[in-house]
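Trainee: I am attaching a structure below and will ask some questions about it afterwards.
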Amino acid sequence: MKRWLSASGVLFIVAIFAATLSVFSQRGGGGGQRGDGAPAAGVGQPGPNQDVSIVNDVPLIPFESVPNFFKINPDMNFGETLGVAVNSKGNIVVVNHPGTATAGPLYGNATTQLWEFDSNGKFLREIGKGVYGLGYAHAVRFDKYDNLWVVDKGTNSIMKFNPAGYVLMNLGRRPEGYEGFEFRRARPADKVAVDALFDGPTDVAWDAQDNIYISDGYINSRIGKMNKNGDWIKSWGSYGTGPSQFRNPHNMQIDKQGNVYVADRGNGRIQVFDPDGNFKKFIWLNVTYDKKRHPTLGNPNPNPPNGTAPWSLCITTNGPTQYLFAIDQEPGRLYKLTLDGKILGMLGESGRGPRQFNWPHGLACPSEDVVFVADMNNWRVQKLVLNPKQAASR
């Protein structure tokens, strides 16, 4: 009898353990998942950018990094800065992740501030205090009406603030507290996306008709399109390496003709689509670089690709000609391109100095001569003046 009870107890424990594993796997468990489905830092990521042709003799753009541009006091230190946007008045909004030294949890801490500065870098206000959709914001953009849009990777919400700072619209839905500690995100390759719900969204853009586009993102591998009221129209994309496939569509912009430019970070390329999601072309950041140079974070890639991974994009809106700016993590360069993908010039490198970048995560380009870089892991935003002598003479 004792042996039977003992065996029954073991079987009961095994059954419970198996059931727990089943539930965990259905909830997307597996642990250690990176949003782009890539291996750990420093491990090679073979992909379509591996053997693209190399471009040589791209000119260096003269530039200055404006020192101490943002006027903050010692109680307002920047943490990780993920995004930056500039409105029509020249005011600047920064996504700041300050974290906290006094509350937990240490891992997974909700951390987002939206700080607004005037055109001279003077602090004006914090936007969105206590807004439910702010947990781990990933990007900010201003639309042509100076409404501020915030894309929150952690809460799966995209929020529209009017110029006064009130929320006008929320897209998506924040996972409710009921999920608790058991909540796990699915693997990107396994995820089945649902209309109007997002999973790790990364950026937002608009066309001339005010239709809204969302790059979605770390888990869902697609672009979502809605009308100006937030009503769902369509989506396109899937996980993979082919045309119209993504491994983390990490950033996005739209030109005046309605073409959609997507920084397909995990695949190391920019994809261009028409407004209906039809694939048009690839753009590569394929300028020669020192492949033996040690990255700012992580081990050297034993098989570095010819095309480097775009992390952030910005398209100029003033002037008769639009330019595309793109920035990569390594070798940490900012590129100026024509809209058809020709690289006109480049500047910068990875590092921790005043003219270097350490995981540059967001761009704003109020003109072709001024670019703001959310220099994430250097805990700052840099204002760059390109061709400073030319800019001063204008």
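Trainee: Check off (1) farther than 23 Å from ILE54 by Cβ; (2) out of contact with any Cys (no Cβ under 9 Å at 6 or more places or on another chain); (3) in contact (Cβ under 8 Å) with a residue 40 or more places away in the chain for PHE246 and give me the number that stays unchecked.
Mentor: For PHE246, the failing item is (3).
Trainee: Same structure, new question: Cβ-Cβ distance below 6 Å, separation of 6 or more or different chains: which pairs start in the stretch 274-303 with a residue that is outside any loop (DSSP other than H, G, I, E, B) and end on one that is at pLDDT 95 or above and open to solvent by 60 Å² or more (accessible area, probe 1.4 Å)?
Mentor: From the stretch 274-303, the pairs are PHE279/PRO243.
Trainee: Would you say ARG185 is of a type in the set (Lys, Arg) and modelled with pLDDT under 95?
Mentor: Yes: the conditions hold for ARG185.
Trainee: If LYS292 meets every condition in (1) open to solvent by less than 20 Å² (accessible area, probe 1.4 Å); (2) over 21 Å from GLY217 (Cβ atoms) apart from one, which number is that one?
Mentor: (1)
Trainee: So if I check each of VAL140, VAL93, VAL131, VAL151, which one is over 20 Å from ARG174 (Cβ atoms), at pLDDT 95 or above and surrounded by 17 or more Cβ atoms within 10 Å (Cβ to Cβ)?
Mentor: VAL93
Trainee: Of the residues in the stretch 252-280, how many are basic (Lys, Arg) and open to solvent by less than 60 Å² (accessible area, probe 1.4 Å)?
Mentor: Selection size over the stretch 252-280: 2.
Trainee: Of the numbered conditions (1) in a loop (DSSP other than H, G, I, E, B); (2) out of contact with any Phe, Trp or Tyr (no Cβ under 6 Å at 6 or more places or on another chain); (3) touching a residue at least 12 places away in the same chain (Cβ under 8 Å), ASN251 satisfies every one except a single condition; which is it?
Mentor: (1)
Trainee: While we're looking at this one, here's another question. Of the residues in the stretch 310-345, how many are buried (at least 22 other Cβ atoms within 10 Å of the Cβ), in contact with a Pro (Cβ under 8 Å, 6 or more places away or on another chain) and in a strand (DSSP E or B)?
Mentor: Within the stretch 310-345, residues that are buried (at least 22 other Cβ atoms within 10 Å of the Cβ), in contact with a Pro (Cβ under 8 Å, 6 or more places away or on another chain) and in a strand (DSSP E or B) number 6.
Trainee: OK, next. Of the numbered conditions (1) over 20 Å from TRP149 (Cβ atoms); (2) open to solvent by less than 10 Å² (accessible area, probe 1.4 Å), GLY237 satisfies every one except a single condition; which is it?
Mentor: For GLY237, the failing item is (2).
Trainee: Which residue is modelled with the lowest pLDDT, if the candidates are limited to the stretch 43-61 and must be of a type in the set (S, T, N, Q), out of contact with any Phe, Trp or Tyr (no Cβ under 9 Å at 6 or more places or on another chain) and open to solvent by less than 70 Å² (accessible area, probe 1.4 Å)?
Mentor: Ranking the candidates gives GLN45 first.
Trainee: Just to be sure I understand the filter: pairs with C-beta atoms under 7 Å, separated by 6 or more residues or on different chains, first member in the stretch 361-385 and within 21 Å of ASP143 (Cβ to Cβ) and touching a residue at least 24 places away in the same chain (Cβ under 8 Å), second member acidic (Asp, Glu) and surrounded by fewer than 24 Cβ atoms within 10 Å (Cβ to Cβ). Which pairs pass?
Mentor: No pair meets every condition.
The values are calculated or read from the model by the stated rules, or taken from the named source; none is laboratory data. Note that this is a predicted model, so its numbers are computed, not measured. In this analysis, Cβ positions are derived from the backbone assuming ideal geometry, glycine residues included, and neighbour counts consider all displayed protein chains. Protein only, heavy atoms only, side chains kept; ligands, DNA and RNA dropped before computing areas. Shrake-Rupley method; radii C 1.70, N 1.55, O 1.52, S 1.80 Å.
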